[in-house]
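Each remark here refers to the structure printed beneath this line.
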Amino acid sequence: PAVTSPCKILKCNSEFWAATSGSHHLGTEEAPEFCTALRAYAHCTRRTARTCRGDLAYHSAVHGIDDLMVQHNCSKDGPTSQPRLRTLPPGDSQERSDSPEICHYEKSFHKHSAAPNYTHCGLFGDPHLRTFTDTFQTCKVQGAWPLIDNNYLNVQVTNTPVLPGSTATATSKLTIIFKSFQECVDQKVYQAEMDELPAAFADGSKNGGDKHGANSLKITEKVSGQHIEIQAKYIGTTIVVRQVGRYLTFAVRMPEEVVNAVEDRDSQGLYLCLRGCPLNQQIDFQTVRSAQATESRARRKGPSLLAPPEAFTYETATAKCREKLPVEDLYFQSCVFDLLTTGDVNFMLAAYYAFEDVKMLHSNKDKLHLYERTRDLAPGNTAPLGAPHSLWVALLCLSQCWLSLL
């Protein structure tokens, strides 16, 4: 398939590797030879640029060339040469670049290139979203919403009310579409719903299909009916899906290059993992939590005009969440929020597992914990609460004023 593809980036890669094989410890006196090979590599990628638009290996090569030019102080102007061809071992009749190596994202980077940067996105609970830029939001987003939509995969979630008439929603359905990619994988669809967390794709398979590099996409069942992991090595991506209680959680580790591989950038506004929830779908986490704490304190002093339906008080919710989440970061605060709004202890476990997934998937260990920051929004641009939340807070404030007068 690589030979018949109009994109000839594999040929460019193999020629460059042939020209530089065995020379990864080039001394200063050999740098001109390496720069000559690098310019030839750049020239080859330019020749095939038109037919390689949207090809991950092509974009990796282009970025890698720029990095190598800087590292070795190579000029973009200068002589190029035809690379010397490697002699394949006896019995090996195919080019190394035609092997499944192209279906392994990290191996597609040349040994001189810098390692790719990875990002993380997660969705859990009522629901809480951590974006690829480490922004943390609490959202309403009832119904179907796209989490990820790029050139390689699409992820869509459906959120439904936790209780009839409640503004609290949680993820009840998840659909992941892995798009067909070169000789690596066929298009595959994964679907999970409440009380149904399959350990296979929709067609019953557990890998990428019949193509040469099919095993670069695999599903592994970690805990039956509760935890699956999908490895998509051809795009350097790991996805974790869990069922906690009745609802689903989602977490992903993905290279920045894959995150940003979107041809129609105008459509990124609804790509939640990248752009976050729309302002009119965000819940003012701090205001609601403050109101919950105030109402809880008032109930200790006397009867309240507004008795919330949840089984937890602010104090019992914080004590419960501290059992699994000792650090009072946003995962802890979201746990408290969810226990107060739903009364369902499984939401504590959802926050706990979401943080466990962050520890496994996030590449920057200094950013595991997130803490609340004041919103950097212009006046009048504050994300509004839903009408039921706004009414609840307003009535609560009135009730507290009345109690204080007494």
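The values are calculated or read from the model by the stated rules, or taken from the named source; none is laboratory data. These numbers come from a predicted model, not from an experiment. For neighbour counting, all protein chains shown are included, and Cβ atoms are generated from backbone atoms with ideal geometry for every residue, glycine included. Please note that ligands, DNA and RNA were not included when accessible areas were found on the heavy atoms of the full protein model with its side chains. Shrake-Rupley method; radii C 1.70, N 1.55, O 1.52, S 1.80 Å.
How many percent of the accessible area of the stretch 101-275 is carbon or sulfur, using a 1.4 Å probe?
44 percent
Note the count of lysine pairs whose C-alpha atoms are less than 15 angstrom apart in the stretch 101-275, limited to pairs 8 or more residues apart or on different chains.
14
Where does each of 63-73, 208-218 land if you order them by average Cβ count within 10 Å, highest first?
By packing density, highest mean first, the sequence is 208-218, 63-73.
Arranged from highest to lowest average of other beta-carbon atoms within 10 Å per residue, in what order do the peptides 359-369, 316-326 appear?
316-326, 359-369
Sort 170-183, 153-166, 332-345 by the packing proxy (mean of other Cβ within 10 Å over each peptide's residues), most packed first.
The most tightly packed comes first, giving 332-345, 170-183, 153-166.
How would GLU106, GLU101, GLU229 line up by accessible area, probe 1.4 Å, largest first?
Result, largest first: GLU106, GLU101, GLU229.
Run the dipole for the stretch 101-275 about the Cα centre, Lys and Arg Cβ at +1, Asp and Glu Cβ at -1, nothing else charged, and hand back the magnitude in debye, nearest 20.
Here the size comes out at about 320 debye.
Using the Karplus curve 6.51 cos²θ - 1.76 cosθ + 1.60 with θ = phi - 60°, work out ³J(HN,Hα) for each residue of the stretch 55-66 in order, rounded to whole Hz, and write x for Gly and Pro.
Once θ is set to phi - 60°, the couplings for the stretch 55-66 become 8, 4, 5, 5, 5, 4, 5, 4, 5, x, 4, 4 Hz.
Given 0.36 nm per residue, what is the gain on full extension from VAL345 to ARG322 after removing their alpha carbon distance, in nm?
Extra length available between VAL345 and ARG322 comes to 7.0 nm.
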